[in-house]
Structures are given as C-alpha cells and as structure tokens.
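Scroll down for the structure; my scribbles are underneath it.
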Amino acid sequence: MSQLDIFPDSKKLSIAAAAFIIRQAQYAIAGSGRFILALSGGQTPEQLFRILRTPPFTTQMPWQQTFVFWGDERCVPLEDQFNNAHAALDILLNHVEIPEENIFRIPADQAPVAAAWQYEKTLQEVLGPDLPQFDLILLGLGGDGHTASLFPGTAVLHEKIRWVKEVTADVQPVHRITLTLPVINNARNILFLVSGKGKSSILKRVLSPAPGQENFPAQLVQPLHGLVHWYTDADAASEL
Ligand code: 6PG
C-alpha cells in the first residue's frame, strides 16, 4: 500500500520528512529498542540532512538508538563528492550525537563484488541471520525510474537471494553497490523523496503508468508487510 503527500516546496517536504523519520524512530525504539534506518543517496536528501541536524529535530531524534545504513553506494572513495556516505556524514552525521559504531558505510573502496559480500556480512552481524527488516528505508527516484542502484534492465532487479549486490550502471559512477529488492521489500516503511520539476514526468509515469507501460524499478518497491510513503513537492507532482 502506498500513500502520496504533496508539499508546497522542497523545504516543507524536507521538514515533513524529518518529522516522519523522528516519528518512525520513536515508534521503532518503543518496540525493539533501536531504529534501523537506511539512507538514500543523490542530492534530494541533502536538505533533509541539514534540517535533521538542527534543533528541534536533532534533539527529538534518538540518535543513540539509531543505526544508520545506506540503500546504495557508488564505488568511489569516501572523500569523493559522488560518494553517498560522504554527503550524509558531511552534512548530518558528523554533526549529531550518533555513536560512530552505529554508522555502517558500504565499503565502496573495495572491489564491487567483495564490497557487496562484505556489506551483506555486516547486515547479518548487526541485524541477525534472517532477511533484514529495516524500520525505514529512504529512497530517491532517478529520471529513468531507478531507485537505490536498481537501474532499468539490470540483473539485480531479478535477484531473489542476495541481500546486497554489485551493479554496473549506465551512468557515472558506473560501479555501485545496492540493497536488493528482497531486503527493500521486507522493510516496515519506505519513504520516497521526490523533488523538483525535473522529476514531474517520471513521477507521473511511475505513480500513474499508462496501460502496459514498462515496469520501472521504483514500481518494484512493494513491501510485503510495509507501507510506501511518497513525499513530493508541488513541482515534482505538477503532472499528477
Ligand atoms: C544514488 C541514489 C539514487 C538517487 C536517485 C535520485 O546513489 O544515485 O541512491 O537512487 O536517489 O538517482 O537522485 P537525486 O536525488 O540526486 O535526484
């Protein structure tokens, strides 16, 4: 089941997303004592990161019980501006009271195949031997309908066993590591953040597909027991 919320602009979208994350964190911790979160990459979440590091949001967020992972990573060094963890650390995580041992970066400096196996091992060590169940996975939407690093036409879309896989994308950086659909679709909550006029066409094609229209990877995000929340701004929703 999915729900769409449209906000007047990207700032209001990001504030609402911050409040949503805090609510999910408080709910998860009340239940299990910890909040298992996967961050998305790209530029859209950067405004959200800036909001989450400022009061009152940063003081409401239970950082000590929050465990941060990534939905995907580009195989570039941490200091590279295209590294997803670089932005999240630089804008948010280095500025809040989250214990360093609660942050689990994808080891993108390793060879892609080894990095995928290593991250899968990390998930098993931290979350247990069964298919991991994230309390919340943040996702973005690419212009081609990709999400995380699940790109159209890639074999990873059909992966049923592995939790983490290496991907060769047709956009730079080409080598990436991504959570697979079995993990993403086992999440309790998915939050897509989609902002800007440039996403209006793909958002319409994903949310209101014409009959027989091709399946976009983002449409394959259908959690078995979870909810999909779409947070968009008016520009991105202008064709809906
Ligand atoms: C990545 C992201 C990717 C991103 C979308 C949207 O590593 O590229 O995880 O899935 O969320 O491409 O990116 P923007 O927010 O920059 O438009």
Residue 138 vs. criteria within 13 Å of the ligand (Cβ to nearest atom), at pLDDT 95 or above and not in a loop (DSSP other than H, G, I, E, B): yes
Which one is nearest to residue 43 (Cα to Cα) among residues in segment 189-206 that are among the basic types (Lys, Arg) and touching a Leu at 6+ places or on another chain (Cβ under 7 Å)? 199
Those residues of segment 71-92 which are free of Cβ contacts under 8 Å to residues at least 40 places away in the same chain and either under 16 Å from residue 136 (Cα atoms) or away from the ligand (no atom under 13 Å from the Cβ) (or both), in sequence order: 77, 78, 79, 89, 90
Which of the residues belonging to segment 100-115 are over 29 Å from residue 33 (Cβ atoms) and either crowded, with 19+ Cβ neighbours inside 10 Å or in contact with a Ser or Thr (Cβ under 7 Å, 6 or more places away or on another chain) (or both)? 108, 115
Qualifying position, being over 20 Å from residue 138 (Cβ atoms) and out of contact with any strand residue (DSSP E or B) (no Cβ under 9 Å at 6 or more places or on another chain), among 210, 234: 210
Residues in segment 112-135 that are part of a loop (DSSP other than H, G, I, E, B) and within 17 Å of the chain's Cα centre (by Cα): how many? 4
Here is a list of conditions, (1) more than 17 Å from the chain's Cα centre (by Cα); (2) at pLDDT 95 or above; (3) of a type in the set (A, V, I, L, M), and residue 1 meets all of them except one; can you say which number that is? (2)
Condition check for residue 42: modelled with pLDDT of 95 or more and part of a helix (DSSP H, G or I): no
Being under 16 Å from the mean Cα position of the chain (by Cα) and of a type in the set (Gly, Ala, Ser) is the filter here; which residues of segment 20-34 pass it? 25
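Residues of segment 48-69 being within 13 Å of the ligand (Cβ to nearest atom) and free of Cβ contacts under 8 Å to residues at least 60 places away in the same chain, which ones? Even if it seems obvious, please write down each step before you answer.
Filtering segment 48-69 for residues within 13 Å of the ligand (Cβ to nearest atom) gives 48-49, 69.
Hit for segment 48-69 is 49, nothing else.
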Restricting the first residue to segment 164-183 and requiring it to be in contact (Cβ under 8 Å) with a residue 40 or more places away in the chain, which pairs with a second residue that is surrounded by 22 or more Cβ atoms within 10 Å (Cβ to Cβ) and acidic (Asp, Glu) meet a Cβ separation below 7 Å and a spacing of at least six or different chains? 176/72; 176/73; 177/72; 177/73; 178/72; 179/72
Only listed residue being modelled with pLDDT of 95 or more, under 25 Å from residue 176 (Cα atoms) and in contact with a strand residue (DSSP E or B) (Cβ under 6 Å, 6 or more places away or on another chain), chosen from 37, 48: 37
Being more than 10 Å from the ligand (Cβ to nearest atom), surrounded by 15 or more Cβ atoms within 10 Å (Cβ to Cβ) and at pLDDT 95 or above is the requirement here; does residue 168 meet it? no
For segment 93-110 the number of residues that are over 15 Å from residue 176 (Cβ atoms), under 15 Å from the mean Cα position of the chain (by Cα) and either outside any loop (DSSP other than H, G, I, E, B) or touching a residue at least 40 places away in the same chain (Cβ under 8 Å) (or both) is 1
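The values are calculated or read from the model by the stated rules, or taken from the named source; none is laboratory data. Since the model is a prediction, treat every value here as computed from it, not as a measurement. In this analysis, Cβ positions are derived from the backbone assuming ideal geometry, glycine residues included, and neighbour counts consider all displayed protein chains.
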